[in-house]
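So the structure is just underneath, and the comments pick up after that.
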Amino acid sequence: MTETKRGKVVDFPARIILASRWLMAPIYLGLILSFLLLLIRFAYKLYFLFINAPTETTNDVIIGILSLVELSLMGNLVIMVIFSGYENYVSRIYASNDPRRPSWLEHVDFSDIKLKLMSSIVAITGIQLLEIFLNIHQDTDRQLAWAVGMHFAFVVSCVLLAVTDRLTFKKTQPEHED
C-alpha cells in the first residue's frame, strides 16, 4: 500500500480486482449480438407466418404465433440480463434522474434476476409444451413424457427458488410491529 497526495491509502490489489469487473463488458456486448440473432429469427418467422397463414391450419398458425411469443420472452430475458447485469456488476448505465432510465432498473438485484430468469424459462418451456400438445401426433409418448418432466422440473425449481428467496428476505428484514 502506498500513500497518495490526498493522504488516502491506495490498495493496488483491490484496484485491480475492482477494475476486473470491466472484463464482463465484452460478454454483455456478445449478448447484444445474440439479441440481434433473436431479432433476425423473429423477423424470419413472422414473414413466413404471414406468407403461409392463408394455407395453414389454425393449429399451425397458433404454433407460429406461440413461436413468436417464445422468441419475445427470450428477447426480454436477454435484455433484462444485459441491463441488470451490466448495471449491477460493471457500471451504471444512466444517472438515477435520467428520464430515459427504465424504471425497473431501480429495483432489480441479483435475487430479482434469478426469479425473472427462472420464470421466463418456465414460460418458455410451457409454450414449447403447448406447441407439442398442439402437434401431439408428431411426438412419441417418451418425448412427451420428457417434455412434461423437464417443464415440471423447471416449475419446481422456480417455486423452490422463490420460497428460498422469500425466507431469506424475511430473515434480513426487520419485523414490523402493529
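Any chance you could list the semi-axes, whole Å, largest first, of the equivalent ellipsoid that the Cα gyration tensor gives for segment 109-172, using √(5λ)?
Details: eigenvalues 190, 24, 7 Å².
Three semi-axes, in Å: 31, 11, 6.
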Ranked packing of 137-149, 27-39, 69-81, most packed first, by mean Cβ within 10 Å: 69-81, 27-39, 137-149
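Using the 2.2 N^0.38 Å rule of thumb for compact globular proteins, work out how segment 1-95 stacks up: its C-alpha Rg over that value, please.
Working: Rg = 22.6 Å, N = 95, 2.2 N^0.38 = 12.4 Å.
In units of the 2.2 N^0.38 Å rule of thumb, it is 1.82.
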Label residue 24 and residue 51 with points 7 Å out from Cα along Cα→Cβ: what is the distance between them in nm? 4.1
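Could you sort 158-166, 116-124 so that the peptide with the highest average Cβ count within 10 Å comes first and the rest follow in order?
Working: 158-166: 13.4, 116-124: 17.4.
With the highest mean Cβ count within 10 Å placed first, the list reads 116-124, 158-166.
Read-outs: derived from the displayed coordinates by stated rules, not from any lab. Since this is a predicted model, take the numbers as computed values, not measurements. Ideal geometry is used to build each Cβ from the backbone, glycine not excepted, and the neighbour counts take in all protein chains shown.
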